[in-house]
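Heads up, the thing below is written out as structure tokens.
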Amino acid sequence: MGVMATTSPAVAADRNVKIINKTNTTMIAFYASRSKTSDWEEDILGDDVLEPGESIRINIDDGTGACKFDFLGEFEDGDEVVKNGVDVCKVGEFSFTQ
């Protein structure tokens with residue numbers, strides 16, 4: 001499928017990021033972990049999914065004051081996309097695209 005990711009600037013350093021699924025495949029899991037950590041924490045979507053064209057606003061704040069996070073999106077067709085070093089203090093939108 002060749003999924004990619006794009007970003008848009010944030011209005012403020014509030015760590016709220018709108019995750020957008022601009023692919024033709026359902027996103028079944030989304031993870032955000034502070035950069036340079038060795039695990040992905042928990043699936044932020046939980047039992048939910050992000051259908052093609054849908055979006056969700058997430059407060060990506062782990063309480064440490066960190067701004068740099070790594071994102072992992074898992075898709076129904078088995079594709080996984082990792083984007084390292086996303087600055088959630090500066091990015092207001094993050095899109096998974098084909």
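Tell me, what ³J(HN,Hα) does each residue in the range 26-32 have, in order and in whole Hz, if you take phi through Karplus 6.51 cos²θ - 1.76 cosθ + 1.60 with θ = phi - 60° and put x for Gly and Pro?
5, 7, 9, 7, 9, 10, 9
I need Val82, Val17, Val91 ordered by Cβ neighbour count within 10 Å, fewest first. Each step should come with its number before you reach the end.
On the way: Val82 11, Val17 25, Val91 22.
Result, fewest neighbours first: Val82, Val91, Val17.
Averaging over every viewing direction, what projected area does the convex hull of the Cα atoms of the range 29-78 cover, in nm²? Don't skip to the answer; put the middle values down first.
Numbers: hull surface 16.5 nm².
With every direction weighted equally, the projected area is 4.1 nm².
What share of the DSSP beta bridges in the range 4-97 is antiparallel, in percent to the nearest 5?
Working: 25 of 30 bridges.
So the antiparallel bridges amount to about 85 percent of the total.
With only alpha-carbon atoms counted, please give the Rg and Dmax of the chain, in Å.
12.4, 35
Residue by residue through the range 38-50, what is 3J(HN,Hα) from phi via Karplus (6.51 cos²θ - 1.76 cosθ + 1.60, θ = phi - 60°)? Round to whole Hz and write x for glycine and proline.
9, 9, 9, 6, 10, 5, 5, 6, x, 7, 7, 10, 10
Mind telling me which of Thr26, Thr64, Thr37 comes out most flexible in a GNM of the chain, alpha-carbon contacts under 10 Å?
Per the Cα network of the chain with a 10 Å cutoff, Thr64 tops the list.
Readers should treat all values here as calculations from the given coordinates under stated rules, not as data from a laboratory. Source: prediction; values computed, not measured. Quick reminder, even Gly has a Cβ in these numbers, built from the backbone with ideal geometry, and neighbours come from all protein chains shown.
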